[in-house]
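Everything on this sheet refers to the single structure shown next.
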């Protein structure tokens, strides 16, 4: 494979196509410069860390291997990175020679959000029928266990630009016909773009049921989320799916994670929900932004979602340059690597509760924090009924209930 030393960055934003700038790799350092004409749009793509000017800019080596966070957000991590590495290795490519620009060239136009990278290293789309969900799940476990998969290219096309640890695919779904398709650049009428997750061999078979139950609790708690569904395989196994919030029909929205915005290494994070609240206010320019983040913080505390790292919070920007806190995602019962919250609450991550939440609210002058906490607790109090509705076993219901009850009020 010929090494990529220059990439042209463009933005396909709500039907508009903008030439953004250039990424250049020179002497093992990555440089970026906005195009002069793009600066006239006023669309600052990463207003905290990337200077919105015609100057040549470069980022520190850490935390994103020399990339600015806005471009690193386009790269797959977890499952998607594993697929890309397997895909490249299968082609005989020495992985030690692969650079971040090479990886972005493989993402091309298939990444999350609205950024596009050219020249794009094309992957041949398949016109074959959509593989059965159970078959995909089995093949994904082969990949996770280190075995070769007969459909590695198929999996790469379906999910090679996705993030997160759990296996997942991108697909287009028509709710009226209950059909899934893939391999098309333009989504046909009646279809929306979805992400479907699959359990790894280490996950509970109930993982999808738990996540859809948490989705229902979050909605009851007043948290905005994209539509979510359970997709059933022929075996009866169900898979959690969510509609993509970065796609509206064939239009795209610019998407930026909190990790990318603030250059936070989500694997060794020092982020606090206070930082997230401040970031949201700076982007939305309205105090309502505080409430959105605070409500989500309360939900993650009381529902025992401890894998609340900085890649699990995102912001969206439209063609007018208006930012908003993205719908919540990846809400489920979880522990982080060390059992602490990945994002601190007023400096506490081991066992936060009402005291830390109210300290956070006081710092930002929130007057309705207590009522938000009560609304969240009332929704989470419905766990037992919601879990039974989604067929979650008594043992699992009780395990999660017990963990929730240990949280300090």
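The numbers here are math on the coordinates, done by the rules we state, and not lab data. Treat the numbers as computed from the prediction; the structure is a model and nothing was measured. Positions of Cβ are generated from backbone atoms using ideal geometry, with glycine treated the same way; all protein chains shown enter the neighbour counts.
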Peptide ranges 345-353, 70-78 listed from the most packed, as the mean C-beta count within 10 angstrom indicates: 70-78, 345-353
Gaussian network model of the chain, springs between alpha carbon atoms under 10 Å - residue of 284, 389, 139 with greatest fluctuation: 389
Peptides 296-303, 270-277 ordered by average Cβ neighbours within 10 Å, highest first: 296-303, 270-277
The chain - mean residue ellipticity at 222 nm from DSSP helices (-39,500 (n - 2.57) per run, n ≥ 4, rounded to 500): -9500 deg cm²/dmol
Overall form of segment 236-308 per C-alpha gyration tensor (a/c, 1.5; a/b vs b/c): oblate
Cα-projected label distance for residue 142 with residue 96, points at 7 Å along beta-carbon direction, nm: 3.0
Gain on full stretching of the segment that runs from residue 219 to residue 14 - 0.36 nm per residue minus C-alpha separation: 71.1 nm
Among 194-202, 207-215, the order from most to least packed when residues are scored by Cβ within 10 Å on average: 207-215, 194-202
Listed residues 397, 103, 306, most fluctuating in the chain (Gaussian network, C-alpha, under 10 Å): 397
Shape call, the chain: gyration tensor on alpha carbons, a/c limit 1.5: oblate
Candidates 308, 203, 138: whichever shows maximal mean-square fluctuation once the chain is modelled as a Gaussian network with Cα springs under 10 Å: 203
Calculated P(r) of segment 193-342 - Cα pairs past 21 Å, %: 47
P(r) histogram, all alpha-carbon pairs of segment 6-118 included - 10 Å bins from 0, percent: 13, 46, 32, 9, 0
Sorted largest first, extent of segment 340-409 alpha carbons per principal axis (Å): 41, 25, 17
